[in-house]
1. Thr153 fails exactly one of the following numbered conditions: (1) closer than 30 Å to Lys62 by Cβ; (2) of a type in the set (Ser, Thr, Tyr); (3) in contact (Cβ under 8 Å) with a residue 40 or more places away in the chain. What is the number of that condition?
2. Can you name the residue in the stretch 119-171 that is among the basic types (Lys, Arg) and at pLDDT below 90 and, of all such residues, is nearest to the chain's Cα centre (by Cα)?
3. Go over the candidates Leu186, Leu138 one by one and state the one that is in a helix (DSSP H, G or I), surrounded by 14 or more Cβ atoms within 10 Å (Cβ to Cβ) and touching a helix residue (DSSP H, G or I) at 6+ places or on another chain (Cβ under 6 Å).
4. Out of the stretch 146-188, which residues are of a type in the set (Asp, Glu) and either touching a strand residue (DSSP E or B) at 6+ places or on another chain (Cβ under 6 Å) or under 22 Å from Gln90 (Cβ atoms) (or both)?
5. Test Ile77 against the stated conditions and say whether it is part of a helix (DSSP H, G or I), of a type in the set (Val, Ile, Thr), in the same structural domain as Gly173 (by the TED database) and farther than 19 Å from Phe183 by Cα.
Amino acid sequence: MKKICKRTWDQVLYSPFNVLLILAAWWLDLKFWPTLATILLVNFAICYYLEKRNSAPHLSRKNYQHYKEHGLSDQDIQYFRQEMATSLEQIERILALLAQTGRKSHGQVKAQAIKAYFHAIQQEPHLLADSADFRYQLLPSLEKELRHYQLLTTAREDASELAASREELDRLGKEIQASYKDFLTLTI
């Protein structure tokens, strides 16, 4: 709550529109304090909504115990859950794009590898840093390339560019599988 209040106050102080409203209240002979209170209330509601929207789902006692068994502090647990929520959103977008590409066998292999990697990270939360390559490089690259491939197929581009995009997708799929195997060796 303290974080939300600080962000709200910063937003009120540094937003040019809010400063304009405060000065307009003085110029238009409006009451200053009700105007400021309204601005604060609206900004607080916006910040509270954004904070709740970006928060991870409720943490069960079982998962909390699992994280504690792996040596995570409460702050580490919160960070881990936020990172995994972000990765999950990205994975869901990738899976939707894979379903639209039309290459079922390749898409299923990539989808299974991505899901298995995500599950392995959840099982070994203390190894989150070791999965940074997957989360920060491979997933964004795969999503970008899938969007590019989808754009090429809808635009009916030439076969050489489409083949190059397919090769890049295959390369990324192999990199994800290799990264997953490396991650599994760390868990043993």
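The values are calculated or read from the model by the stated rules, or taken from the named source; none is laboratory data. Small disclaimer: the values here were computed from a predicted structure and weren't measured. FYI the Cβ positions are ideal-geometry reconstructions off the backbone, even for glycines, and counts take in every protein chain you see.
1. So Thr153 meets the others, but not (1).
2. This residue is Arg166.
3. One residue alone meets the criteria, Leu138.
4. Of everything in the stretch 146-188, those that are of a type in the set (Asp, Glu) and either touching a strand residue (DSSP E or B) at 6+ places or on another chain (Cβ under 6 Å) or under 22 Å from Gln90 (Cβ atoms) (or both) turn out to be Glu168, Asp170, Glu175, Asp182.
5. The answer is yes for Ile77.
Residues are listed down the side, and each one gets a yes or a no for (1) closer than 24 Å to Leu59 by Cα; (2) hydrophobic (A, V, I, L, M, F, W, C):
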site	(1), (2)
Glu92	yes, no
Leu139	no, yes
Arg147	no, no
Ala178	no, yes
